[in-house]
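Enquirer: I am attaching a structure below and will ask some questions about it afterwards.
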Amino acid sequence: MTDTNTALQARAARRSLPESPFLAAARGERPTRVPVWFMRQAGRSLPEYRALRAGTKMLSACFDPDLVCEITMQPVRRHGVDAAILFSDIVVPLVAAGVDLDIVAGTGPVVAEPIRTADAVAALPTLAAEQVAPVADAVRLLTKELGETALIGFAGAPFTLASYLVEGGPSRNHERTKALMHGEPQTWHALLDRLADIALTFLRAQLAAGVDAVQLFDSWAGALSLRDYREFVLPHSTKVLRGLADAGVPRIHFGVGTGHLLGAMREAGADVVGVDWRTPLDEAAERIAAAPGEYAAGPVVQGNLDPAVLFAGQDVVRAEVDRILAEGRAAQGHVFNLGHGVLPETDPDMITRVVEMVHGG
Ligand code: CP3
């Protein structure tokens, strides 16, 4: 399929959601209520999730369209959030392409043969849209189930995917990743270029099936200096985000500990920049507004409640929600979220309370 055909198909598949406060805020508007959703809102914090997942491996679940649909719907029904995020994982397109890796409970992705040489990079398979057909099927099921609630598709950004592939699993310091990046820049760029293509194919398949927005997760990019981010990562994330410009959907770009990278993450082609709790939203908006380039709207921020604050009791949560809503007014648009994913031990009733608070209750 050509890119133009995919773009046309994506437009045809998309629902019109004129009442979606999430899409309005992502466009830089101020809807009657601040929209809210949570990263990792589907998952272990919900007893109904744990029940449904019992006996099914994480990656098997990700390739079962009915299960993906049901798990994605659970937090929408329970919390009344303004957006659903597709239940999947950043490593799903790698597995679909044929990379030998597993998601180990309590650890995360573990790669059988880490990629650390030019030969290994050359042997990394490409992804064909058909290989993620079950994900596209799940998206189609969801667009029927969701009504007026927006559906966010996602992919892992090239750097964060590379970190798992090079380290072989989760890493605190990303030392092998950085060694490859600085020691063999040509191999590094070849790897990130391939990962950008995989992310693009994965996101285009989701868009063709009807997702209303996309989020690029560069969760671990905050480990880099701005200088290294610009040289070794930005061109590849730009290829992904700008490569989706023709789809006409909001593109969210998120990372953890990225206060120093927010302007560069905007430059990659982000309509919305995700911010963690370390940077106040008003300061984030200023940094994003200063990024050079032409944009459809002023700075739109997503965030940024510390997920750990949900353990501190209602009064603390209320004060933090109010502070974040006030700071978010400095941006042109604000989508309320956590600064990173819901922690597994979180009381789901507290999450529902946050939705009510953000919606004005
Ligand atoms: O609700 C949602 O946000 C959608 C689901 C989602 C998952 N993974 C499900 C999942 C999303 C958006 C992701 C993305 C993802 N996966 C990221 C980027 C987001 C982030 O948190 O920074 C990253 C870095 C990964 C890699 C990964 N996969 C990790 C670190 C883990 C956790 C390991 C663990 O067990 O604690 C996973 C596994 C994973 N992905 C789970 C879920 C619900 C837990 C597995 C389970 O429930 O058995």
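The values are calculated or read from the model by the stated rules, or taken from the named source; none is laboratory data. In this text, all values refer to a predicted model and were calculated from it rather than measured experimentally. With ideal geometry, Cβ positions are generated from the backbone for all residues, glycine too; neighbour counts draw on all protein chains shown. Surface areas here come from the heavy atoms of the whole protein model, side chains and all, with no ligands, DNA or RNA. Shrake-Rupley method; radii C 1.70, N 1.55, O 1.52, S 1.80 Å.
Enquirer: I'm trying to understand the selection: among the residues of the range 288-340, which are over 25 Å from Glu267 (Cα atoms), in contact with a Lys or Arg (Cβ under 8 Å, 6 or more places away or on another chain) and open to solvent by 50 Å² or more (accessible area, probe 1.4 Å)?
Expert: Gln314
Enquirer: Let me ask something additional. For the range 144-185, which positions are over 14 Å from the mean Cα position of the chain (by Cα) and polar (S, T, N, Q)? Break it down into steps so the answer makes sense when it comes.
Expert: Going residue by residue through the range 144-185, those that are over 14 Å from the mean Cα position of the chain (by Cα) are 144-150, 162-185.
Within the range 144-185, Thr149, Ser163, Ser171, Asn173, Thr177 qualify.
Enquirer: Residue check: is Val354 in contact (Cβ under 8 Å) with a residue 60 or more places away in the chain and either within 16 Å of the ligand (Cβ to nearest atom) or of a type outside the set (A, V, I, L, M, F, W, C) (or both)? If you could, list the steps in order and put the result at the bottom.
Expert: Working: in contact (Cβ under 8 Å) with a residue 60 or more places away in the chain: yes; either within 16 Å of the ligand (Cβ to nearest atom) or of a type outside the set (A, V, I, L, M, F, W, C) (or both): yes.
Spelling it out, Val354 is indeed in contact (Cβ under 8 Å) with a residue 60 or more places away in the chain and either within 16 Å of the ligand (Cβ to nearest atom) or of a type outside the set (A, V, I, L, M, F, W, C) (or both).
Enquirer: Go through the range 90-103 and give me each residue that's within 11 Å of the ligand (Cβ to nearest atom) and open to solvent by 60 Å² or more (accessible area, probe 1.4 Å).
Expert: If the condition is that a residue be within 11 Å of the ligand (Cβ to nearest atom) and open to solvent by 60 Å² or more (accessible area, probe 1.4 Å), then no residue fits.
Enquirer: Turning to a different aspect of this structure: Residues to consider are Arg116, Arg140; find the one that is touching a helix residue (DSSP H, G or I) at 6+ places or on another chain (Cβ under 7 Å), among the charged types (D, E, K, R) and farther than 25 Å from Val76 by Cβ.
Expert: Details: Arg140 fails: farther than 25 Å from Val76 by Cβ.
None of the other options fit; the residue is Arg116.
Enquirer: Checking the structure you have, find out if any residue of the range 180-188 is open to solvent by 20 Å² or more (accessible area, probe 1.4 Å) and within 16 Å of the ligand (Cβ to nearest atom). Don't jump to the end; show me each part of the working.
Expert: So in the range 180-188, the residues open to solvent by 20 Å² or more (accessible area, probe 1.4 Å) come out as 182-186.
Now drop any that are not within 16 Å of the ligand (Cβ to nearest atom), which leaves none.
No, the range 180-188 contains no residue that is open to solvent by 20 Å² or more (accessible area, probe 1.4 Å) and within 16 Å of the ligand (Cβ to nearest atom).
Enquirer: Suppose we filter the range 104-116 for residues that are away from the ligand (no atom under 14 Å from the Cβ) and open to solvent by less than 40 Å² (accessible area, probe 1.4 Å); how many remain?
Expert: The initial filter retains those residues of the range 104-116 that are away from the ligand (no atom under 14 Å from the Cβ), namely 112-116.
Narrowing further to those that are open to solvent by less than 40 Å² (accessible area, probe 1.4 Å): 115.
Matching residues across the range 104-116 total 1.
Enquirer: Go through (1) in contact with a strand residue (DSSP E or B) (Cβ under 9 Å, 6 or more places away or on another chain); (2) assigned to a helix (DSSP H, G or I); (3) surrounded by fewer than 21 Cβ atoms within 10 Å (Cβ to Cβ) for Val76 and report which single condition fails.
Expert: (3)
Enquirer: Would it be correct to say that Ala123 is out of contact with any Pro (no Cβ under 6 Å at 6 or more places or on another chain) and open to solvent by 20 Å² or more (accessible area, probe 1.4 Å)? Please lay out each step first, then the result.
Expert: Values: out of contact with any Pro (no Cβ under 6 Å at 6 or more places or on another chain): yes; open to solvent by 20 Å² or more (accessible area, probe 1.4 Å): yes.
In short, yes.
Enquirer: Quick test of your reading of the structure: Ala84 fulfils all but one of (1) at pLDDT below 95; (2) under 17 Å from the mean Cα position of the chain (by Cα). Name the failing condition by number.
Expert: (1)
Enquirer: Right, here's the next one. What's the number of the condition Gly298 fails, among (1) assigned to a loop (DSSP other than H, G, I, E, B); (2) over 24 Å from Arg242 (Cβ atoms)?
Expert: Evaluating Gly298 over (1) assigned to a loop (DSSP other than H, G, I, E, B); (2) over 24 Å from Arg242 (Cβ atoms) leaves (2) as the failure.
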